[in-house]
Amino acid sequence: MRVWISSVDPPELTPRLIDLLAEGGVFCPHLHVPIQAGNDAVLDRMGRKYTASEAADALLSVRERLPDVSLGTDLITGFPGETDDEFASGIDFVQRIGFSYLHVFPYSRRSSTSAAKRWKELPDAVVHERARSARRVDRDLRRTYEDRFIGATASVLFEDGRDAKTGLLKGYSDNYLPIACDADDRFTGRIVPVRITGRAGKRLRGQLAARRT
């Protein structure tokens, strides 16, 4: 069994949680921390209970203890009132932290939120252009993080079936690297050591490091 932890706010990144990840076992070196914005003014409008600096301190403490940890986040672009400078500041924040990936969401009005009533909504074109810009950053961050592990051996859980284009067996390493491997179906549902050799489209490509029956 493997446990990947997600939906953890920065104040919840306690020393005990970091210790659990460092100890290994069923807890994998992966955290999804949905900060939603990397600028203090935007965080305040969202009603978040932390500043960008506090989030950075918490995230970097994880990175210091676990250098290879996968750190993902959510980013909302075009929140009401967001200026060009605030958006740029948020992008600078995610690049400085060095997230492994971003989930990017263009702001959309909800009847349950007061944001649109309190601050001016941005034009849809601006909201979606900022989302496209953030997704380009996401692609760069993913590539930078994943390419660090080419040549390394990872412990991969094959659970996703086969890639439609390559026919390779799909799985994820303990630090959430998407990996495709030329392996038999009998490895599905098993954790297997895989040597990462390069890329196969949006995934890393690997070969079995040891054959097991």
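So here's what we get for this one:
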{"quantity": "Qualifying positions in the range 63-84 - over 14 Å from His32 (Cα atoms), assigned to a helix (DSSP H, G or I) and modelled with pLDDT under 95", "calculated": "Glu64, Arg65"}
{"quantity": "Residue that is outside any loop (DSSP other than H, G, I, E, B), surrounded by 16 or more Cβ atoms within 10 Å (Cβ to Cβ) and assigned by TED's automatic domain parsing to the domain that holds Arg96, where the choices are Leu31, Leu60, Leu20", "calculated": "Leu31"}
{"quantity": "Candidates Phe99, Phe87, Phe105, Phe93 - the one that is in a loop (DSSP other than H, G, I, E, B) and modelled with pLDDT of 95 or more", "calculated": "Phe99"}
{"quantity": "Qualifying residue in the range 126-139 (condition: without any contact (Cβ under 8 Å) to a residue 40 or more places away in the chain and among the hydroxyl-bearing types (Ser, Thr, Tyr))", "calculated": "no"}
{"quantity": "Close pairs (7 angstrom Cβ cut-off, 6 or more residues apart or separate chains): free of Cβ contacts under 8 Å to residues at least 60 places away in the same chain in the range 11-27, outside any helix (DSSP H, G or I) and not aliphatic (A, V, I, L, M) anywhere", "calculated": "Pro11/Lys49; Pro11/Tyr50; Leu20/Phe27; Leu21/Phe27; Leu21/Pro29; Val26/Arg2"}
{"quantity": "Residue check for Phe149: among the aromatic types (Phe, Trp, Tyr), under 21 Å from Trp4 (Cα atoms) and not in a strand (DSSP E or B)", "calculated": "yes"}
{"quantity": "Residue satisfying all of: in the range 174-213; under 19 Å from the mean Cα position of the chain (by Cα) and not in a strand (DSSP E or B); farthest from Met1 (Cα to Cα) among these", "calculated": "Gly201"}
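The values are calculated or read from the model by the stated rules, or taken from the named source; none is laboratory data. If you're wondering where the values come from, they're calculated on a predicted model, not measured in any experiment. Virtual Cβ from ideal backbone geometry, glycine too; neighbours counted across all protein chains shown.
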